[in-house]
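Each remark here refers to the structure printed beneath this line.
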Amino acid sequence: MIELHQALVTAWTPDPSGGPDTVTRLLGPVSLTIAERRVAVVGANGSGKSTLARLLNGLVLPSAGSVVIGGLDTAKDGPAVRRRVGFVFTDPDAQLVMPTPVEDVALSLRRTVRDAAAREELARAALARVGLADRADLPVHALSGGQRQLLALTSVLATEPDVLVCDEPTTLLDLRWRAVVDDLLASLPQQVVVVTHDLDAARRADRVLVVDDGSVVHDGAPEPTVAAYEALMRTAARR
Ligand SMILES: Nc1ncnc2c1ncn2[C@@H]1O[C@H](COP(=O)(O)OP(=O)(O)OP(=O)(O)O)[C@@H](O)[C@H]1O
Ligand SMILES: [Mg+2]
């Protein structure tokens, strides 16, 4: 269960004319209880979606209010929250740290599997499940963008998170790879929160949140909520 209690995110903004820094509201206050298994977050560029996503695993901490994941407060139990909440970035290069796929997945397994040979075997099996068996020993940079995103997801899933938060995981991918990643996300037993500009993907969620100007302005079943977002964007385009 994901709970946001009046969560507010602010940032200090420098004054270009040299005056004192000012406090800007980036998001909130937002109160949400999310128990659905598939949640999509949509919104315009700069509306606050990534800020909301990052709140969920403690990458961003609320300046006021609280964020509680599975009973753990992100401000008080940061490391435990990050073990429970996997985070996938738009650009897989932001999170792939090892030279080869098998090493990257094995690194994610180091907390749960002591033996290095067993880790490697499990890493190869995980890569085989997503169709990357024959890429396991290539340099990571030799993989296509789609393959790298699949690898990033595999590495995060190897940590066995209870919740997966993905910030635009398919934005850089072509249609085929988008379908591969969407299908993988749809098959997961975990609770998955996906920030996306892909409204077809959002319509397949159980619940959709629309973020606008740092607030959740619509929240509900996919069809009416995506329709409300489209109407909001049409109004914005006319302004
Ligand atoms: N640390 C920060 N300091 C100041 N402003 C910030 C900070 N982090 C984010 N912002 C601002 O907050 C707003 C929301 O950013 P956020 O990244 O959450 O938007 P987004 O909805 O994910 O946009 P996009 O669709 O472009 O990824 C933006 O205007 C951004 O510039
Ligand atoms: Mg973003």
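Listing for the model above:
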{"quantity": "Sites ALA11 and ALA186, calculated FRET efficiency, Cβ-Cβ separation with R0 45 Å, nearest 0.05", "calculated": "0.85"}
{"quantity": "Label-to-label distance, nm, for residues given as ARG114 and ARG37 (7 Å Cα→Cβ offset)", "calculated": "3.5 nm"}
{"quantity": "Hz values of 3J(HN,Hα) by residue in the range 67-76 - Karplus curve (6.51, -1.76, 1.60), Gly and Pro given as x", "calculated": "10, 10, 10, x, x, 9, 7, 4, 7, 9"}
{"quantity": "Set of the range 81-103 residues, backbone N closer than 11 Å to the point 7 Å along the Cα-Cβ line of ALA125", "calculated": "none"}
{"quantity": "Amide H within-cut-off set for VAL88, under 5 Å, with H built and near neighbours excluded", "calculated": "VAL165, CYS166, ASP167"}
{"quantity": "Rg ratio (alpha-carbon, reference 2.2 N^0.38 Å) - the chain", "calculated": "1.07"}
{"quantity": "Inter-site label distance for ASP200 and MET233 at 7 Å from Cα along Cβ, in nm", "calculated": "1.4 nm"}
{"quantity": "Point-to-point label distance, SER215-MET98, nm (Cα→Cβ direction, 7 Å offset)", "calculated": "4.7 nm"}
{"quantity": "Given charges at Cβ of Lys, Arg, Asp, Glu: the chain dipole, positive-most of ILE69, VAL193, VAL39", "calculated": "ILE69"}
{"quantity": "Cubic angstrom per residue, convex hull over Cα atoms of the range 71-130", "calculated": "118 Å³"}
{"quantity": "Cα point-scatterer Debye curve for the range 121-181, base-10 log of I(q)/I(0) at q = 0.13, 0.30 Å⁻¹", "calculated": "-0.34, -1.37"}
{"quantity": "Amide H within-cut-off set for LEU27, under 5 Å, with H built and near neighbours excluded", "calculated": "VAL9"}
{"quantity": "Helix 222-238 vs. the chain, principal-axis angle (Cα, 0 to 90°, nearest 10)", "calculated": "60 degrees"}
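Each reported figure results from applying straightforward, stated rules to the coordinates on display, with no laboratory input. Bear in mind that the values here come from a model prediction, so they are computed numbers and not experimental data. So basically every Cβ, Gly included, is an ideal-geometry build from the backbone, and we count neighbours across all protein chains shown.
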